[in-house]
Amino acid sequence: MTTIQDISLLKIPVVEDLNGNLAFVEKEVLPFEFKRVYYLFDVPSSAFRGGHSHIEQQEVLVALSGSFEVVMHDGKDKKSFLLNKPNFGLYLPKGIWRELENFSSGAVCLVFASDVFDESDYIRDYDAFLKTKK
């Protein structure tokens, strides 16, 4: 059963240059092979995103620009991360409830997902999520 301890912060490789840095993600960087990449932008600072868990899908979240907070629950414990650097990704294994909040102006959240979109993989009701953790 997945817990908060399974969440990790990943360092994304960067090539530094006086003319600007370049970060890259290849298959060795992530703990899974990604099949989908998407991003959130123009999220109002008072809005919440996420509010779900995945049955099988794993994700890595990256703050490409600006910052936002990721609040995670494993059914017992709660943990929060502030993402604000484009060279770090937050690894979220399956079975972790996540909520994204406190988006700064201009924030962009890039997500690497282990699978394509499948609504049946989502648990969108918190009480239903808690039942899966017992």
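The values are calculated or read from the model by the stated rules, or taken from the named source; none is laboratory data. Quick caveat, the model's predicted, so the values are computed rather than measured. Heads up, the Cβs are rebuilt from the backbone with ideal geometry, glycines too, and the neighbour counts pull from every protein chain shown.
Under the condition of being outside any strand (DSSP E or B) and more than 22 Å from Asp127 (Cβ to Cβ), the residues counted in region 50-79 number 3. Return a yes/no flag: does region 82-91 have any residue that is over 14 Å from the mean Cα position of the chain (by Cα) and of a type in the set (A, V, I, L, M, F, W, C). No, region 82-91 has no match at all. Among (1) within 19 Å of Glu59 (Cα to Cα); (2) aliphatic (A, V, I, L, M); (3) more than 17 Å from the chain's Cα centre (by Cα), there is one condition Ala107 misses while meeting the rest; what is its number? Tallying (1) within 19 Å of Glu59 (Cα to Cα); (2) aliphatic (A, V, I, L, M); (3) more than 17 Å from the chain's Cα centre (by Cα), Ala107 fails exactly one: (3).
Per-residue answers, yes or no, for (1) more than 12 Å from Leu90 (Cα to Cα); (2) at pLDDT 95 or above:
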{"position": "Tyr39", "(1), (2)": "yes, yes"}
{"position": "Asp42", "(1), (2)": "yes, yes"}
{"position": "Ala47", "(1), (2)": "yes, no"}
{"position": "His54", "(1), (2)": "yes, yes"}
{"position": "Ala63", "(1), (2)": "no, yes"}
{"position": "Lys76", "(1), (2)": "yes, yes"}
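Being closer than 16 Å to Gln5 by Cα, crowded, with 18+ Cβ neighbours inside 10 Å, small (Gly, Ala, Ser) and in contact with a Lys or Arg (Cβ under 6 Å, 6 or more places away or on another chain) is a property that does not hold for Gly95. When Lys85, Lys94 are checked against the criterion of being in a loop (DSSP other than H, G, I, E, B), within 20 Å of Val37 (Cα to Cα), of a type in the set (Lys, Arg) and free of Cβ contacts under 8 Å to residues at least 24 places away in the same chain, Lys85 stands alone in meeting it. Scanning region 7-34 for residues that are over 25 Å from Lys78 (Cβ atoms) and hydrophobic (A, V, I, L, M, F, W, C) yields Ile12, Val14, Val15, Leu18, Leu22, Ala23, Phe24, Val25, Val29, Phe34. Among the candidates Lys11, Lys35, Lys76, the residue that is farther than 29 Å from Lys133 by Cβ and among the charged types (D, E, K, R) is uniquely Lys11.
Of the residues making up region 1-21, those that are among the aliphatic types (A, V, I, L, M), closer than 14 Å to Val60 by Cβ and part of a strand (DSSP E or B) number 2.
Please verify whether region 98-109 includes one or more residues that are touching a Gly at 6+ places or on another chain (Cβ under 9 Å), within 16 Å of Asp6 (Cβ to Cβ) and among the charged types (D, E, K, R). Within region 98-109 (the criterion being touching a Gly at 6+ places or on another chain (Cβ under 9 Å), within 16 Å of Asp6 (Cβ to Cβ) and among the charged types (D, E, K, R)), the answer is yes, since at least one residue qualifies.
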